[in-house]
Amino acid sequence: MRERGSARPPDALGTGPSGLGSGPSDLGSAAASLPLGSGPEVLRSEPSALGSAAPQAPLGSSASRLDSRPDGSPATSSAGCAGAEPSSREAGAEPSAAEPRPLRPGPSWRAAAAEPNEVEPSKAEPGEAAAEPGARASARSARPRRESLLRIRALLRKEFRQLFRDPRSKRIVFGAPVLQLLLFGYAVNTDVHRVATVVVDHDRTAESRALVDALTAGGYFRVVGRSDRSADLAAALDAGKATIGVEIPAGFARDLAAGRGARVQVLVDGTNSNTATVAQGYIARIVQEFGAERAAAAGALPTGGVDLRARAWYNPDLASRVYNIPAVVGAILMMMSLLLTALAVVRERELGTLDQLVVSPITAGELIVGKTVPAALIALVDMALIAGIGTLWFDVPFRGSVLTLLLGSAFFILASLGFGLLISTVSRTQQEAFMGMFLFFLPAIILSGFLYPVHTMPAFFRALTLLNPLRHFLEFVRAVFLKGAGIGELWPQLATIAVMAAGVLWLATWRFRRAVR
Amino acid sequence: MLSAQRLLAVARKEWIQLRRDRRSMILAFALPVFLLLFFGQAINWDVTDIPLAVRDEDRTQRSRALVEAFEESGYFRVAEWLERRGDAEARLARGVVTGVLIIPAGFARDLAAGRPAPVQLLLDGGDANTATIALNYADAIAARFSRDVLLEGRRVEAPVTAETRVWYNPTLESRHMIVPGLIAVIMSIIAAMLTALTIAREWERGTMEQLAATPVHRLEVVFGKLLPYVAIGLFDVAVATVAGVLVFGVPFNGSVVLLAAMTLLFLLGALGLGIFISAAVRSQVLAMQVAMVATYLPALLLSGFLYDVAGMPRVLQAVSYIIPARYYIAVTRGVFLKGVGLETLWIQGVFMVAFAAVGLGLATAAFRKRIA
């Protein structure tokens with residue numbers, strides 16, 4: 001918004017020093033702005049101003065404030081406001097940039113602004129706002145950067161206070177991620193083991209029992225029922241009581257002994273294609289090994305053959321948890337970031353407090369910073385929580401460096417927050433933002449390689465995943481956890497995420513500026 | 001006394017309000033179908049074309065035949081021939097390939113001599129799921145290759161054969177598993193999302209006082225607010241079902257009426273839950289966060305959509321019994337894939353009725369017409 005300040009100089013510059021004095025000041029004293037620029041005591045009164053300011057009030061009053069804003073000459077400038085759209089509402093933000101530097105008597109503004117009894121009336125009656133303008137306004141331009149920081153600080157305080165005013169909010173913000181991690185940690189388990197199996201053994205020999213034992217020995221299958229009737233297999237699968245049905249026909253042992261090629265019928269419930277595929281593989285292998293053992297004992301099969309020695313790196317036990325928990329960090333971070341910011345702006349708009357912010361000297365950039373930083377800090381704390389529990393409780397190896405993880409997480413959090421803010425600035429109602437967030441979040445999860453591998457997606461969707469910050473972050477976080485990769489290897493991911501963060505935050509600021517017009 | 005007229009008035013008000021929020025309305029109607037089409041296309045758990053790097057130190061006809069056997073299976077594709085064995089680690093670390101196949105020198109000689117011929121397969125265990133499946137395939141390929149080589153065309157029957165038949169989804173297409181499940185997951189989230197803000201919104205906007213001042217009973221408010229969303233939800237499921245069958249070719253073997261009835265029960269419960277959250281929390285931000293955490297994760301994780309509930313720890317299995325999505329998924333999969341009827345799904349039906357009763361009961365109980 002600073003740039004915009006210079007784009008809108010006509011009245012600010014044209015009116016000269018006196019105009020400068022009166023111009024921004026009435027804005028400054030308008031409800032929200034004053035507390036922001038002022039000391040702690042004033043701030044203390046702020047939540048009530050924001051919280052209780054009845055939805056109906058601010059809209060009307062802010063409008064009148066806008067009209068009374070003019071820099072010395074009401075008529076012309078309000079006309080100017082209407083015409084020169086872009087600047088009209090944000091005018092409050094400009095003074096610091098637009099005003100000529102020289103004019104600014106040091107710290108006087110502080111005293112003036114901190115005067116509580118001045119705050120109250122101005123909040124109540126915008127009309128009186130122009131009361132004591134000169135000193136403060138010129139002072140505001142004093143050290144633009146310092147003031148900008150002060151405004152941001154005030155905004156941060158407001159955001160934090162608003163966030164934590166409701167104790168339930170605190171519980172959600174810190175409790176939910178932990179709960180989610182536990183849920184993910186225990187539930188997300190693609191390891192196929194203890195698959196419910198029903199056995200129908202028509203043979204009832206030592207051999208047939210040995211085969212069933214071989215099936216259950218590895219822990220992959222668990223017999224949940226035995227029966228004599230084949231029909232029971234179908235019923236168990238229909239009702240979902242079992243995923244596998246094994247039927248050993250009569251004469252199994254006899255065929256095996258005679259080397260005639262014994263047969264076993266296996267029924268697989270293909271509803272869960274993943275479990276079915278893996279289970280089918282296990283069964284084929286177990287049955288084959290069982291046969292090979294018997295045949296070798298009888299000397300029926302030639303020896304030798306390919307001896308496949310497979311080793312899985314990074315995760316020798318092929319435990320899905322090791323792979324999933326680092327990814328959970330990413331998924332939860334994105335979800336929390338979105339939850340923290342998706343309603344941030346649209347909420348103020350719906351409550352009408354956005355107008356108060358708009359007429360205050362806060363710039364769009366400052367507002368975005370004020371909305372981003374608290375959420376980013378919370379998300380970082382969440383990240384530390386989840387990563388800590390993940391490594392300590394779930395025994396996920398952490399082979400990389402904490403610093404790398406922090407850096408990448410910070411970039412990623414900024415990117416996610418940026419998307420949240422963008423949704424928030426685009427939406428008109430909170431309901432819409434909620435849905436918009438979902439419209440973004442679900443595809444982001446699905447196209448990230450979290451639940452489904454990216455490399456099996458059709459080319460179009462694989463290309464689409466490149467636009468997804470979560471996809472890059474998952475590569476990053478998995479590599480940091482499991483492979484111990486450092487910035488040297490991961491800079492492409494880091495750079496991509498950083499560029500996305502910068503881009504989307506800029507977009508959010510731009511959208512916000514346009515939206516408040 | 002309850003009056004249908006007042007109930008309908010509330011429903012009409014809600015509908016008008018919804019209609020005025022044009023974009024929310026469009027999202028409510030379009031989001032489920034969009035998500036279904038999107039995910040149905042994107043999600044593919046079928047593991048094929050696993051990229052493999054090969055280091056062939058034997059360089060014989062036999063070793064080449066083994067590599068061909070891997071390629072011909074369709075599950076693997078050779079992405080790269082390695083010059084040095086030492087490159088394997090770097091390739092895996094960079095994620096360029098999922099596996100490295102190393103055939104040491106002397107492979108053909110060992111085979112011919114009837115000695116075990118070692119072959120090394122390094123897999124990126126990072127993605128445990130893909131790695132497990134790849135391992136299974138590789139085992140099967142190696143076994144078949146050995147048999148062919150050893151028997152040299154002689155027809156000898158394997159001692160034991162597992163004759164496997166896959167039911168409900170014979171081709172093991174992940175899409176058939178995902179689409180019915182996805183309908184259930186999307187609907188449980190959308191349902192809570194539709195109603196989670198309705199009452200909080202009235203509180204925040206100050207219209208609750210107006211509502212409180214009217215003679216409308218709280219049951220009428222709850223049901224009146226539900227009505228439009230039930231209609232939207234039913235519409236969503238209908239469109240999603242048609243899309244699932246027509247676009248994705250998912251078989252629909254069961255009864256439409258059964259699905260509709262179960263959907264209605266499910267929606268009543270899920271929407272009621274949304275209203276309960278909304279009425280209990282009274283803030284849209286909080287309601288959104290609670291709704292997200294309370295519906296999205298359980299529906300995704302504990303419903304059996306992706307992960308078998310049977311493989312979970314007992315505590316989670318117990319928790320999953322109170323997750324309505326679990327029953328609804330059993331219904332959609334049962335109706336779509338298995339073609340089972342009420343004789344099998346009556347258990348789910350009982351739970352759905354209970355869920356609807358609890359959801360609506362909670363909603364009504366939490367909704368107070370008092371301005372505190």
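One table, with the values for the structure above:
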read-out: Shielding by other protein chains, B:134-141, mean Cβ within 10 Å; value: 5
read-out: FRET efficiency, 1/(1 + (r/R0)^6) with R0 25 Å, evaluated for B:Asp49 and B:Arg85 via beta carbons; value: 0.55
read-out: Charge-dipole axis of chain B as Lys and Arg at +1 and Asp and Glu at -1 on Cβ define it, positive-most pick from B:Val78, B:Pro118, B:Tyr327; value: B:Tyr327
read-out: 3J(HN,Hα) from dihedral phi, region B:209-223, Karplus parametrisation 6.51/-1.76/1.60, rounded to Hz, x for glycine, proline; value: 4, 5, 4, 5, 7, 7, x, 6, 7, 5, 4, 5, 5, 4, 5
read-out: Gain in span if fully extended, A:Leu392 to A:Leu466, counting 0.36 nm per residue against the direct Cα distance; value: 23.4 nm
read-out: Inter-centroid distance (Cα atoms) of region A:477-517 relative to region B:173-240, Å; value: 35 Å
read-out: Number of partner chain Cβ atoms within 10 Å, mean per residue of B:329-341; value: 2
read-out: Nitroxide proxy distance, nm - points 7 Å out along Cα→Cβ at B:Leu264 and B:Gln61; value: 7.2 nm
read-out: Chain B - mean residue ellipticity at 222 nm from DSSP helices (-39,500 (n - 2.57) per run, n ≥ 4, rounded to 500); value: -21000 deg cm²/dmol
read-out: Cut-off 10 Å between beta-carbons: net charge of the residues surrounding A:Val195, Lys and Arg +1, Asp and Glu -1; value: 0
read-out: Peptides ranked, highest mean first, by Cβ atoms within 10 Å: ranges B:138-146, A:389-397, A:332-340; value: A:332-340, B:138-146, A:389-397
read-out: Those GluC sites (Glu not before Pro) in region B:74-156 that DSSP places in a loop and that have at most 11 other beta carbons within 10 Å; value: B:Glu83, B:Glu152
read-out: Using a Förster distance of 22 Å, the FRET efficiency for B:Arg94-A:Ser401 (Cβ separation, nearest 0.05); value: 0.70
read-out: Proxy reagent accessibility, fewest Cβ within 10 Å first, across B:Glu209, B:Glu202; value: B:Glu209, B:Glu202
read-out: Region B:300-372: C-alpha pair distances exceeding 21 Å, %; value: 40 percent
read-out: Average partner coverage of A:286-292, which counts Cβ from other chains inside 10 Å; value: 5
read-out: Charge tally in the Cβ shell below 14 Å around B:Trp15, where Lys, Arg are +1 and Asp, Glu are -1, B:Trp15 excluded; value: +4
read-out: Peptide ranges A:343-352, A:242-251, B:22-31 listed from the most packed, as the mean C-beta count within 10 angstrom indicates; value: A:343-352, A:242-251, B:22-31
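Here, each number is a calculation from the coordinates, and none is a lab measurement. The structure displayed is predicted, hence computed values, not measured ones. Using ideal geometry, Cβ is built from the backbone for each residue, glycine included, and neighbour counts are taken over all protein chains shown.
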